[in-house]
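Read the figures in this text as sums done on the coordinates, not as results from a lab. Quick caveat: nothing in here was measured; it's all calculated off a predicted structure. All Cβ positions, even for glycine, are placed from backbone atoms using ideal geometry, and neighbour counts span all protein chains on display.
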Amino acid sequence: MDNILEKLADLFSSWSDNINFKSPYIDYSSLFQIDPWLIILAAIAIAAFLVITIVWGIRAHRRKVSAGREELIGRIAEVKTTLNPKGTVLIEGELWAAISEDGQFEPGDEVAITKVDRLTVWVTKSN
């Protein structure tokens, strides 16, 4: 039995002597070098993008509302059907239900919008 163990030990030692073990450490630092100017250029580009985006966002928030009921109040509309007191008016190419606050208006008259409630506008005689 000792003889078999000695033969196995000799076999493994001769086998391990023939194997070329390489160091597991690989130097990756030379593969991943980045030029400092590229880093600076990328930082400047990102900073410029952020500045432009923030400036456009601030301008968008400062603009006057251009849609919705707030925009309609004070606008001039053309009467399409007789307002006595209910009828329809044309506002920027759209027909709206309207209620007159100042009596009767005939088709073709111009009226000013004073109030908006859902899909109905209240109108008075335009100046």
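Only beta bridges with both residues in segment 69-125 are counted; by DSSP, about 80 percent of them are antiparallel. In order along segment 41-53, the phi-based Karplus estimate (6.51 cos²θ - 1.76 cosθ + 1.60, θ = phi - 60°) of 3J(HN,Hα) comes to 4, 5, 5, 5, 5, 5, 5, 5, 4, 5, 4, 4, 5 Hz; Gly and Pro are listed as x.
For a label point 7 Å from the Cα of Thr120 along Cα→C-beta, name the residues of segment 73-90 whose backbone N is under 14 Å from it. The answer is 84-89, whose backbone nitrogens lie closer than 14 Å to the label point. Between the amide H of Thr81 and those of Thr88, distances stay under 5 Å, these residues lying 5 or more places away or on another chain, with hydrogens modeled in the peptide plane.
Counting only residues at least eight positions apart within a chain, or on another chain, the lysines with an alpha carbon under 20 Å from that of Lys115 are Lys64, Lys80, Lys86, Lys125.
Taking amide H as placed 1.01 Å from N in the peptide plane, the amide H of Lys115 sits under 5 Å from that of Trp122, each at least 5 places away or on another chain.
Label point 7 Å out from Asn127 along Cα-to-Cβ: which residues of segment 88-113 have amide N under 14 Å? Within reach of a label on Asn127: 112-113.
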